[in-house]
Amino acid sequence: MPETTWVLDPTSFAATIARAEKINARAVRRGFTGRIEVTGTERTVSETGPGGETRTYIVIDTLISGEAPRYGGWEFLAAIDTIDTTDGEDFILRTAPGVNAAAVDRSTLTAGYCDHCKAIRTNRIYTFLVRNVETGEVKQVGKTCLRDFTGHQGRPVFIDLDSVIDDVTDFLGSFPHSPLEYAPETIVAVAWAASRAYGWKPGSHGGYTTAMAVNDYLFGTTKAAKKVRDDLSPEMHAATAKAKEIIPALLSGLETTSDYTINLTTALRGVCVGPRHFGIVVSAVVAYERMIGDRVRQAAEVKKKAESAYAGTVGDKLTITGTITRARAVDSSFGYHASTSMLFIIEAGTTVLKTVTKATWAFDVDQGDTVTIAATVKSHEDYHGTRQTVVTRLKLINRTKADTE
C-alpha cells in the first residue's frame, strides 16, 4: 500500500483529518466508494534552546493511505499522464490510495491509448487504469470514454495519492497554525524569563507584551527576536527550574472558581500548547505570583491576629498614632451628614482600635490616612481572632493624608 508520511504539529494534524473527511464526503456525493485515511503517531521532541534550556514540543508523524475509489463495478487503480520527452511521448503513473504501484504492469500501458475506443491520441493527456471488481479485467480508458465505460464522466475523486497530498498541503499553507506546539513547561519557562528581563506586560499593556516576547523567543526570525533570545538566554537555566515549580504549584493550589482559572489549569495539564491557548499559558507566571502573594498576605494576616494585643484597661486614656484601615458610614440611608456616624478601624503595630464617632472631623479623613488620636478605652473585644480595643471620646490631634500616587 503506498504511504506518505510527514511531520505535523497537532493543529495541522487535526486540520488534515478534517480536510480528508471533506474529500471523502465529496467522493460520496459523486457516487464513488473508497476513502482516504489519515492516521498519526504522536511523539515528544526535545531540543536545546539558545539559553541551554531543554525545550519540549509535540509532533505527529502523519500517514495518508486509504482505499482506491470505485464506481459502477470498476476500481480506479491509477491516473496515466501523457508527457512529451526527448524520445517521444511517454507517461507518468500516479497510483490511487491503496494501490501498490509495483503491482501495475507498466509494459501493458501506452501513452494516450484507450481500450474502449481503441485509439491512440497524441493530444490525450489523461487516461485512467481501471479494474473490474468481479472479473479482475484491467483496462486503460481515456477521459472522454470514461462515461461510456463506467457511467461516470470526469476525473474521479482522489484518483491518486499525490493529488490528495497537494490538496492538503495547499490547505495547510493557508491555515493559521504555529510551526511548533511546545509543552506548557517550555512556554512557562520563557514567560518567567521574559517577566524578569522586561517586567510583566499583559495584553492590556498596549505595547510589547510578555506573550509577544515569548513568541519571539520561540518562533521569531527577526533581529528583534534575536535580541530577545540574547536577553533571555542568561535567565533560561533558572527559568526552566522555576517552570517545574510553577506548574505543579498552580495545579495543586489554584482555586478553580472562575472560567480563567479552570481554563488555565486545563491548559497546563495539556501535552502541548496550541496557538489559541498560548496566551493563557503565558499568564501562568502572573497567576503563580498572585497565588503566592495571596498566601503571604494570608499568613501575615494570621500572624497579625496572633500578635494583636489589647491596649490599656477599661477607662484608661490613650494617645495613639496609627493608620485608618477601614472607614465606613453607619446608621444612615441619606449619605454623609451630621447625624451619620463613622466606623473606624485604626491599626498601630499590634494594637487595633475600633470606634464609632459622629465628630465633624471624622467625615474628612479617609482610609489609608495616618492619624494621631486621644481616646478613652471603652472595652476589649475579639473579632475573628483579632484582639480589638474599643475606644470612645475621640479627639483628633494630627492627620497625615494617605499617599495615593
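The values are calculated or read from the model by the stated rules, or taken from the named source; none is laboratory data. A quick note: this is a predicted structure, and the numbers were derived from the prediction, not measured. All Cβ positions, glycine included, derive from the backbone under ideal geometry; neighbour counts span all protein chains shown. Ligands, DNA and RNA are stripped out before the accessible areas are found, and what is left, the full protein with its side chains, is counted by its heavy atoms. Shrake-Rupley method; radii C 1.70, N 1.55, O 1.52, S 1.80 Å.
Report the full-extension gain for the segment Glu47 to Ile397: residue separation times 0.36 nm, less the Cα-Cα distance, to one decimal in nm. Spell out each step's value before the answer.
On the way: separation 350, 0.36 × 350 = 126.00 nm, distance 6.73 nm.
So the chain would gain 119.3 nm between Glu47 and Ile397.
In terms of Cα to Cα distance under 16 Å, which lysines are near enough to Lys118, apart from those fewer than 8 places away along the same chain?
Lys139, Lys143
So how far apart, in nm, are the two label points at Ala359 and Thr54 if each is 7 Å from Cα heading toward Cβ?
Between Ala359 and Thr54, the label points sit 6.6 nm apart.
Kindly write out, for the range 37-45 in residue order, the coupling ³J(HN,Hα) from the Karplus curve 6.51 cos²θ - 1.76 cosθ + 1.60 (θ = phi - 60°), rounded to whole Hz, with x marking Gly and Pro.
Values, residue by residue: 10, 10, 10, x, 10, 7, 8, 9, 10 Hz.
Largest first, what is the accessible-area ranking of Tyr198, Tyr217, Tyr126 with a 1.4 Å probe?
On the way: Tyr198 70, Tyr217 0, Tyr126 95 Å².
Ranking Tyr198, Tyr217, Tyr126 by accessible area, largest first, yields Tyr126, Tyr198, Tyr217.
Mind ordering 133-140, 349-356 by average Cβ neighbours within 10 Å, highest first?
Working: 133-140: 13.1, 349-356: 18.1.
Ranking the peptides 133-140, 349-356 by packing returns 349-356, 133-140.
Quickly rank 388-398, 314-324, 11-21 as a protection proxy: mean count of other C-beta atoms within 10 Å, highest first. Don't jump to the answer; show the numbers that get you there.
Numbers: 388-398: 17.0, 314-324: 14.4, 11-21: 18.5.
Output ranking for 388-398, 314-324, 11-21: 11-21, 388-398, 314-324.
Express the Stokes-Einstein translational diffusion coefficient of the range 34-136 in µm² s⁻¹, to the nearest whole number, given a Kirkwood radius over alpha-carbon pairs, 20 °C and a viscosity of 1.002 mPa s. Write out the running numbers ahead of the final one.
On the way: Rh = 17.1 Å.
The Stokes-Einstein estimate is 125 µm²/s.
How far apart, in nm, are two points set 7 Å out from the Cα along the Cα-to-Cβ line at Asp382 and at Thr221?
7.0
What part of the accessible area of the range 31-145, given as a whole %, is carbon or sulfur when the probe is 1.4 angstrom?
Numbers: 2600 of 5760 Å².
Carbon plus sulfur share of accessible area: 45 percent.
Filter Lys201/Lys227; Lys22/Lys226; Lys242/Lys401; Lys304/Lys395 down to the pairs with a C-alpha to C-alpha distance above 29 Å, please.
Lys22/Lys226; Lys242/Lys401
By how many nm would the segment from Tyr260 to Ala102 lengthen if fully extended, with 0.36 nm per residue of separation less the alpha-carbon distance? Working shown, then result.
On the way: separation 158, 0.36 × 158 = 56.88 nm, distance 5.60 nm.
Length difference between fully extended and current span is 51.3 nm.
Please report the Cα spread of the range 97-147 along all three principal axes, rounded to whole Å, starting with the longest.
29, 22, 19
Any idea how far apart Val286 and Ala329 come out in nm if each label point goes 7 Å out from Cα toward Cβ?
So the label points at Val286 and Ala329 sit 3.5 nm apart.
Starting from the amide H of Gly40, placed 1.01 Å from N in the peptide plane, find each other amide H under 5 Å away whose residue is 5 or more places distant or on another chain.
Correct list: Leu63.
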